[in-house]
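Encoded as C-alpha cells, the structure appears first; notes follow it.
What follows is calculated from the coordinates using simple rules that are stated; it is not laboratory data. Keep in mind it's a predicted model, so treat the numbers as computed, not measured. So basically every Cβ, Gly included, is an ideal-geometry build from the backbone, and we count neighbours across all protein chains shown.
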Amino acid sequence: MLVVMQSQATEEQVRAVCDRIESLGLRAHPIPGAGRTAIGITGNSGSIDTGALETMAGVLECVPISKPYKLVSRDVKQENTIVRIPTPSGEVTFGGTAVALVGGPCAIESRDQAFTIAERIHASGARLFRGGAYKPRTSPYAFQGLAERGLEILAQVREEFGLGIVTEAIDDDSLDLVEKYADVIQIGARNMQNFSLLKRAGRAKKPVLLKRGMSATLDEFLMAAEYVLSEGNYQVILCERGVRTFTDHTRNTLDLSIIPAVQSRSHLPIAADPSHGTGRRNKVLPLSRACVAVGADGLLVEVHHDPARALSDGPQSILPDEFDQLVREVRDIAGVIGRTLN
Ligand code: PEP
Ligand code: MN
C-alpha cells in the first residue's frame, strides 16, 4: 500500500500520517519525490483498512501496490534514486547523469599489490576502488582474503589516493567491519538471497551494492533489494554480474537486457560487472562498452598488474593499461547517450 500525499502537504502532515501507520503496528517509509511525498507501508500480512488514512490532512490517495516488491518500485517513486558516495575527493553518484567507474583487484593480496593497482586506477580517472578482503570462494582451500588486515589496507588506499572504497561483506561480523572501513558495502552474488545478511545491510548507514545471484530472476533480484530497503536503507545500487547459462565460451552470460528491464520497474540505479559477467579478460572491454551503451549507471571492473599471479580471478582481470583504454572508450560512448563519467 502506498499513501500519496498532496504536493502541498506539509512535513507535519507527512509525519502525522507516518505516526498513524506506525500506531497500526505497520512500518512507514516516507519517500520524497520531485513533486510530492509518497509513504510506502510495509509489515502488513493482509490488506490495510485505508479509511483511517484517506481522510487525514494532506493525503491525496491510497494506492494498492500489486507487485511483490514495493519500496524499490517506480510506483512508489517515479524519479531515479541517486546514490551518493562521499569520497575524500568529492561525491561519486550512481543513478544520475554520470556513469560511476569502479576498478580494482578481485582480492586485496598485500599492501604493495593494492597500492600498485590503486595508483593506476586513480591515474585513469576512476574514483572508486574495489577489492575483496572477504572472499566467498567455491573451494575452502582457495585464498579467502586478508579479512580485517585487507580492510586496513583499503583504508590506507583511500587516504593515499582519495579513492572511495567498495568491498564485500559475507556475513554479519564482516559487515560490521566493512561498514566501519568502507564507503560501499558489497553483497555478492552468492549472498543475494541470504535474507538475514540483507536485513543487516538494511540497518547499515552506508550504501549497499547488491549483486544479482547467478540464477536469480528479475523479481527475485528486486525482492532481495526490497529486503534492504524495508529495513530503512534506501541507498541501494543493483549490479548485474552475469548468470549461468549453457555457454562455454564465457564463465557467465552478462544479461544486458536486465538493465532496461530494471530501469522500467525500479527507481534504483543499476551497475554492471563485465569481469564476472564474462570471466575472460579479452571480453571485458567490449562488454564494458555495451554496458554503458545499454544504460548502466556504473561499471565494476577487475584490474590486476600481474594477473598470472593473482590469488583470485586472474583470468578475468584486465591490465592497468587496458583499464586506461576502457575509461577512454566508455567515456566516448557515455557522451553519445548524453552521459558523462564520474
Ligand atoms: C567479486 O566481486 O569479486 C565477486 C565475488 O563477485 P560475485 O559475487 O558477483 O561473484
Ligand atoms: Mn572476483
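Spin-label point model (7 Å from Cα, Cβ direction): what's the A293 to A261 distance in nm?
Modelled inter-label distance: 2.0 nm.
Between the range 311-336 and the range 113-171, what's the alpha-carbon centroid distance in Å?
Comparing the Cα centres of the range 311-336 and the range 113-171, I get a distance of 17 Å.
Taking a ≥ b ≥ c as the square roots of the Cα gyration tensor eigenvalues, with a/c under 1.5 meaning rounded and otherwise prolate when a/b beats b/c, else oblate, which class fits the chain?
Numbers: a/c = 1.96, a/b = 1.83, b/c = 1.07.
Prolate shape, in that a/c is at least 1.5 and a/b is the bigger ratio.
Considering only the range 53-209, what is the antiparallel percent among its DSSP beta bridges, to the nearest 5?
Working: 5 of 16 bridges.
Taking every DSSP beta bridge within the range 53-209, about 30 percent pair in antiparallel fashion.
Please give the net charge around L229, taking every other residue with its beta carbon less than 12 angstrom from that of L229, where Lys and Arg add +1 and Asp and Glu add -1. Don't skip to the end; give the middle numbers.
On the way: positive: R27, K70, K77, K199, R203; negative: E226, E231.
Neighbourhood net charge equals +3.
What does the highest-first list of 7-16, 188-197, 62-71 look like by mean Cβ count within 10 Å?
Working: 7-16: 13.8, 188-197: 18.1, 62-71: 16.3.
Final packing ranking: 188-197, 62-71, 7-16.
Sorted by average packing, counted as other Cβ atoms within 10 angstrom per residue and highest first, what order do 83-95, 247-259 take?
Details: 83-95: 18.0, 247-259: 16.2.
Per-residue mean Cβ counts within 10 Å order the peptides as 83-95, 247-259.
Using alpha carbons only, how many degrees (0 to 90, rounded to 10) separate the axis of helix 218-230 from the longest principal axis of the chain?
70
In percent, what relative contact order does the chain have, based on Cα pairs under 8 Å that are 6 or more apart in sequence?
Values: 753 pairs, mean separation 55.0, N = 342.
Worked out over the chain, it gives 16 percent.
Can you give the FRET efficiency for L24 and R244, using 1/(1 + (r/R0)^6), R0 = 51 Å, r = Cβ-Cβ distance, to the nearest 0.05? Provide the component values of the computation, followed by the final result.
Numbers: r = 43 Å, r/R0 = 0.84.
Approximately 0.75, to the nearest 0.05.
So how tilted is helix 111-124 from the main axis of the chain? Cα-based, degrees 0 to 90, rounded to 10.
Once rounded, the angle reads 70 degrees.
Rounded, prolate or oblate for the range 232-326? Axes are the square roots of the Cα gyration tensor eigenvalues, ordered a ≥ b ≥ c, and the cut-off for rounded is a/c under 1.5.
Values: a/c = 1.92, a/b = 1.62, b/c = 1.19.
It comes out prolate by the Cα gyration axes.
What is the set of long-range amide H partners of L209 at a cut-off below 5 Å, with H atoms built 1.01 Å from backbone N?
Amide H to amide H, under 5 Å and 5 or more residues apart or across chains, L209 pairs with I185, Q186, I187, I237.
Please list 3J(HN,Hα) in residue order for the range 4-21, calculated via the Karplus relation 6.51 cos²θ - 1.76 cosθ + 1.60 where θ = phi - 60°; whole Hz, with x for glycine and proline.
With the stated coefficients, the range 4-21 comes to 9, 8, 5, 4, 9, 4, 8, 4, 5, 5, 5, 5, 4, 5, 4, 4, 5, 4 Hz.
Taking H placed 1.01 Å from N in the peptide plane, check which residues at least 5 places from G33 or on another chain put their amide H under 5 Å from its amide H.
A38
Take the Cβ-Cβ distance between Q325 and E119 as r, set R0 to 25 Å, and report the resulting FRET efficiency rounded to the nearest 0.05.
Numbers: r = 17 Å, r/R0 = 0.69.
So, using R0 = 25 Å, E works out to roughly 0.90.
Residues with amide H under 5 Å of A133's amide H, sequence separation 5 or more or different chain, H placed in the peptide plane at 1.01 Å from N; which?
Correct list: I108, E168.
With contacts defined as alpha carbon pairs under 8 Å and 6 or more residues apart, what's the relative contact order of the range 91-227 in percent? Mind showing how you got there, number by number?
On the way: 225 pairs, mean separation 23.8, N = 137.
Reported relative contact order: 17 percent.
Just to be sure I understand: with springs between alpha-carbon atoms less than 10 Å apart, which residue in E226, E179, E159 has the highest mean-square fluctuation in the Gaussian network model of the chain?
Result: E159 has the largest fluctuation of those listed.
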